[in-house]
Amino acid sequence: MQDPIFGWIEAERRRQEEGLELIASENYASPAVLRALGSVLNNKYAEGLPGRRYYGGCQYVDEVERLAQQRLKILFGAEWANVQPHSGAQANAAVLLALLHPGERILSFELAHGGHLTHGSPLNISGKLYTVAHYGVHPESYLLDYDHIRDKARTFRPKLLIAGASSYPRDWDWAALRSIADEVGALLMADIAHPAGLIAARLLRDPLPYCHVVTSTTHKTLRGPRGGIIMMKKDFDNPFGEKTPKGQLKKMSSLFDSALFPGIQGGPHMHSIAAKAVAFGEALQPEFQSYAKQVIRNAQALAQALMARGYTILTGGTDNHIVLVDLRNKGITGKEAEEVLEKAGMTVNKNLIPNDPQPPLITSGIRLGTPALTTRGLTESEFQQVAEWIDQALIHRSDESRLNRIRAEIRSFLRSYPLPYEPVADQTPVPDEVPA
Ligand code: DSN
């Protein structure tokens, strides 16, 4: 029996191949990463850590996990790493569980200014269990204002200061954040889920020497499987932490290990850990450095090209892979823009701009990102064309035939930038959804 699920997987493969992927958090993992993900490691339970498991038969998966840890530590210059979080959200939840008692205080970046749900949103466990306050960006420059963060920290006295964002196009000043954390007696956590690949390539400032703990996902700029990681470089003593029976402070790293398992997770996903190891190995190659440089160049070229067409780019540009467009002067909402661009063959996400007058399901902005198209081989000159397509689609948003023409042009253009994925064999036919 043919299972229609494979038909839908093939439809999704085609969608990825035929459209311009501009979602900042997405990328195309290599066939080697996908091969590890689809391997027999899926079948193995391995609660615990390498050499200390609760199940037999772990001799090979132990080697896989050791290699993943070792490569990750080299990649970021970390002294300790846990590669088991199923996602960035799990990594963050484990860190909070390890460091805070319910009700204790977190100061983090405002979600509506670019922060993340897992940094204390009332809808997330982080906001339900802990007492949270936020810092935001400057109302005119849209840049982080470290004096404002310091003032907030002085009055709020957090136990944990969280840095990191899902839509902030500029680099972070980790040294300034550490001095703020030290001044108020807080621990400092960086969530580098978005820029991790650019940090690994040493193109953005390195948080590891300044932060007590660093979390990330592995599938955005790092271009691996979906998943999370936790890392530390120094500061292994947690001044607020539990003591061992002999009265010594427990190392923070062991608090993170046990918060993750058995705190919030069961068995680690060994196929995913193997795929992380493959991706870390790829990121250690010199080609990854060139890739990461091109991601930033492309984002800067896209920002410039859109500004030349009259778009407002928040902060006036970008240091990383993200371009935030404020669409208010174009008379279109983020929701409409997302829908129009999708019709024209471009995938983006609507995004709140700081102090957005629109609600989160409408928004005044869109977030664009270059990691996926850079993996396909596009460079600055092709991003001029991408900006032109975006502009033309938004200008002619009510003209269905014009949007279809752009979609066909994009599809034909992308044939020169193939993806390395084979069509799914033996699948049930899928509807040919795209009129060329
Ligand atoms: N959903 C991710 C993003 O798009 O940035 C963050 O979790």
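So the values come out like this:
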| item | result |
| --- | --- |
| Complete set of residues in region 112-126 that are part of a helix (DSSP H, G or I) and either farther than 13 Å from LEU160 by Cβ or touching a residue at least 60 places away in the same chain (Cβ under 8 Å) (or both) | ALA112, HIS113, LEU117, THR118, HIS119, ILE125 |
| From ARG71, ARG53, ARG15, residue being modelled with pLDDT of 95 or more and closer than 30 Å to LYS343 by Cβ | ARG15 |
| Candidate set from region 154-169 (those that are away from the ligand (no atom under 16 Å from the Cβ) and touching a strand residue (DSSP E or B) at 6+ places or on another chain (Cβ under 7 Å)); member that is farthest from PRO209 (Cα to Cα) | PHE156 |
| Subset tally (residues that are aliphatic (A, V, I, L, M) and either over 16 Å from ALA201 (Cβ atoms) or within 11 Å of the ligand (Cβ to nearest atom) (or both)) for region 211-226 | 1 |
| Restricting region 84-100 to residues that are open to solvent by less than 30 Å² (accessible area, probe 1.4 Å) and small (Gly, Ala, Ser), the residue that is nearest to LYS251 (Cα to Cα) | ALA98 |
| Residue among ASP151, ASP173, ASP182, ASP191 that alone is closer than 29 Å to ILE296 by Cα, more than 16 Å from the ligand (Cβ to nearest atom) and among the acidic types (Asp, Glu) | ASP173 |
| Number of positions in region 1-26 that are in a loop (DSSP other than H, G, I, E, B), within 16 Å of the ligand (Cβ to nearest atom), open to solvent by less than 30 Å² (accessible area, probe 1.4 Å) and not aliphatic (A, V, I, L, M) | 1 |
| Residue in region 47-64 that is without any contact (Cβ under 8 Å) to a residue 12 or more places away in the chain and in contact with a Gly (Cβ under 6 Å, 6 or more places away or on another chain) present | yes |
| Residue match in region 119-128 (condition: within 16 Å of the ligand (Cβ to nearest atom), modelled with pLDDT of 95 or more and aliphatic (A, V, I, L, M)) | yes |
| Qualifying positions in region 34-50 - part of a loop (DSSP other than H, G, I, E, B), small (Gly, Ala, Ser) and in contact with a helix residue (DSSP H, G or I) (Cβ under 6 Å, 6 or more places away or on another chain) | SER39, ALA46 |
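The values are calculated or read from the model by the stated rules, or taken from the named source; none is laboratory data. Keep in mind that what you see is a predicted model, and the values were worked out from it rather than measured. When we count neighbours, we look across all protein chains shown, and the Cβ atoms used for this are built from the backbone with ideal geometry, even at glycine. Accessible surface is based on the protein model in full, side chains and every heavy atom, while ligands, DNA and RNA are left aside. Shrake-Rupley method; radii C 1.70, N 1.55, O 1.52, S 1.80 Å.
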